Amino acid sequence: MTPRDPTPYLWWLVSRASGIVALGLVTIAVLLGLTMSTKLLRRPGVGRTLMRLHQHVALVGLVAIAVHGLALLGDPWLRPGLRGLTVPFAMSYRPLFTGLGVLAGYLAVLLGLSFYARRRIGVKRWRRLHRATVLVWVLGVIHTLGAGSDAATQWLRAFVLLPAIPIVYLTVLRSLQGRTRGASRRPRESRPGAPALAEEAT
């Protein structure tokens with residue numbers, strides 16, 4: 001039995017591999033970001049190290065996303081064209097799931113590069129915007145399971161879904177911490193006949 005020539009599938013293999021790498025890097029970037037925002041690791045110097053690692057992983061992830069999409073241009077079977085790669089839901093192959101992948105790519109670029117404009121945006125506003133990074137991961141997971149050729153395999157499902165446990169936990173923890181901080185900043189109600197704390201501060 002002669003082995004099958006992989007040359008006609010080369011571009012598809014490149015796209016397939018880079019897509020898996022991209023999702024893995026996005027997953028790591030999200031986990032690092034959530035770990036920093038929840039401040040679970042408070043040792044001196046750890047925050048800066050995690051921030052640098054987070055930035056580098058995110059940038060490499062953007063490169064992997066670009067390779068994942070551009071490699072499909074050479075796929076002789078899919079033939080998505082530039083419109084299929086750039087316009088959400090325009091690709092004929094599973095348009096819903098591929099469209100969500102395109103949206104995830106745009107959102108990843110927007111949020112990833114917004115780090116370098118955070119001073120113009122405002123740090124507080126940028127942090128609120130950056131929380132949507134979790135949405136990139138969610139869209140990437142849906143895209144992978146819906147459009148990926150290996151979606152039915154156990155190894156890919158484990159690779160995609162197992163990180164959901166710490167990501168969901170850290171997201172809920174961050175939300176609870178945010179509510180606690182917001183409640184602690186609100187002025188306490190004053191007793192009858194006593195001035196409010198907000199008025200005492202002025």
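The values are calculated or read from the model by the stated rules, or taken from the named source; none is laboratory data. What you see is a predicted model; the values in this text were computed from it and never measured. As a convention, Cβ positions derive from the backbone with ideal geometry for all residues, glycine included, and neighbour counts pool all protein chains shown. Accessible surface is based on the protein model in full, side chains and every heavy atom, while ligands, DNA and RNA are left aside. Shrake-Rupley method; radii C 1.70, N 1.55, O 1.52, S 1.80 Å.
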**OP:** For segment 12-82, compute Rh as the Kirkwood radius over C-alpha pairs and then the Stokes-Einstein diffusion coefficient at 37 °C and 0.692 mPa s; write the answer in µm²/s, rounded to an integer.
**Re:** 244 µm²/s
Original post:
So what are the three principal axis dimensions of segment 109-182 from its Cα atoms, in whole Å, longest to shortest?
Top reply: 43, 29, 13
Subject >> All-pairs Cα distance distribution in the chain, expressed in whole percent, bin size 5 Å >> reply: 1, 7, 12, 16, 16, 13, 10, 8, 6, 4, 3, 2, 2, 1, 0, 0, 0, 0, 0
Original post:
Which percent of the accessible area of the chain is formed by carbon and sulfur heavy atoms (probe 1.4 angstrom)?
Top reply: 64 percent
Subject >> Estimated FRET transfer efficiency when R0 is 25 angstrom, pair Arg128-Met51 (beta carbons, to 0.05) >> reply: 0.90
Subject >> Listed residues Leu73, Leu170 arranged by accessible area, highest first, probe 1.4 Å >> reply: Leu73, Leu170
**OP:** Go ahead and set up a Gaussian network model of the chain, Cα springs under 10 Å, then flag whichever of Ala64, Ala132, Ala158 fluctuates most.
**Re:** Ala158
**OP:** Distance from a point 7 Å along Cα→Cβ of Thr86 to each backbone N in segment 36-74: keep the residues under 16 Å and list them by number.
**Re:** 66-67, 69-74
Original post:
So what is the 222 nm mean residue ellipticity for the chain from helices alone, if each DSSP H run of at least 4 adds -39500 (n - 2.57) and you divide by all residues, rounding to the nearest 500 deg cm²/dmol?
Top reply: -22500 deg cm²/dmol
Original post:
Given +1 on the Cβ of Lys and Arg, -1 on the Cβ of Asp and Glu, and no further charges, what dipole in debye does segment 46-174 carry about its Cα centre, rounded to the nearest 20?
Top reply: 880 debye
**OP:** Can you give me the span-like helices of the chain, meaning DSSP H runs with 30 Å or more of Cα extent along the axis and Kyte-Doolittle mean at or above 0.0?
**Re:** 10-38, 46-70, 164-185
Original post:
Fully extended, how many nm does the chain gain between Val60 and Met36 (0.36 nm per residue separation, minus their Cα-Cα distance)?
Top reply: 6.7 nm
Original post:
Over its Cα atoms, what ratio of radius of gyration to 2.2 N^0.38 Å does segment 39-130 give?
Top reply: 1.39
